[in-house]
Amino acid sequence: MAKAKTKEKPVAKGELGWKEIEIGCFITEPGNSVEIRTGDWKSRRPVVDLNKCNKCTLCYFYCPEGCIAKNSDGYFEPDLFYCKGCGICATECPKDAIIMVEEAK
């Protein structure tokens, strides 16, 4: 695996300093973000009440991550694998069909 180059800096014993680190789970190339589970970053997640949803598509168009997709019944639901929990979908929903709930610990 590639290593990120960092400057070496003298530090006192017991202190953390600069050192070479392996590039871990970073988005380093165009298109490789689909391999990374970015949804693990969220502290809140959207929950859709399909009984209130009128399939207006506003959540789909306003989602900055593009993680909301149409399901087999024509409703739009977030893919929690990529959702970062920003809440824009819930804010823009005219029917209050989407609520944000705290992510389980």
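The values are calculated or read from the model by the stated rules, or taken from the named source; none is laboratory data. Here the structure is a predicted model, which is why all the values come from computation and not from measurement. Ideal geometry is used to build each Cβ from the backbone, glycine not excepted, and the neighbour counts take in all protein chains shown.
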Q) Of everything in segment 91-100 that's over 15 Å from the mean Cα position of the chain (by Cα) and not in a loop (DSSP other than H, G, I, E, B), which residue is surrounded by the most Cβ atoms within 10 Å (Cβ to Cβ)? A) Ile98
Q) Looking at this structure, is Cys53 modelled with pLDDT of 95 or more and either farther than 18 Å from Met100 by Cβ or of a type outside the set (Gly, Ala, Ser) (or both)? A) yes
(Q) Can you find, within segment 51-90, the residue that is farthest from Trp41 (Cα to Cα) among those that are among the acidic types (Asp, Glu) and under 20 Å from the mean Cα position of the chain (by Cα)? (A) Glu77
Q: Search segment 26-49 for residues being more than 13 Å from the chain's Cα centre (by Cα) and modelled with pLDDT of 95 or more, and hand back the single one that is nearest to Met100 (Cα to Cα).
A: Val47
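Could you check segment 46-68 and list, in sequence order, the residues that are on the phi < 0 side of the Ramachandran plot and exposed (fewer than 12 other Cβ atoms within 10 Å of the Cβ)?
Asn51, Asn54, Pro64, listed by residue number.
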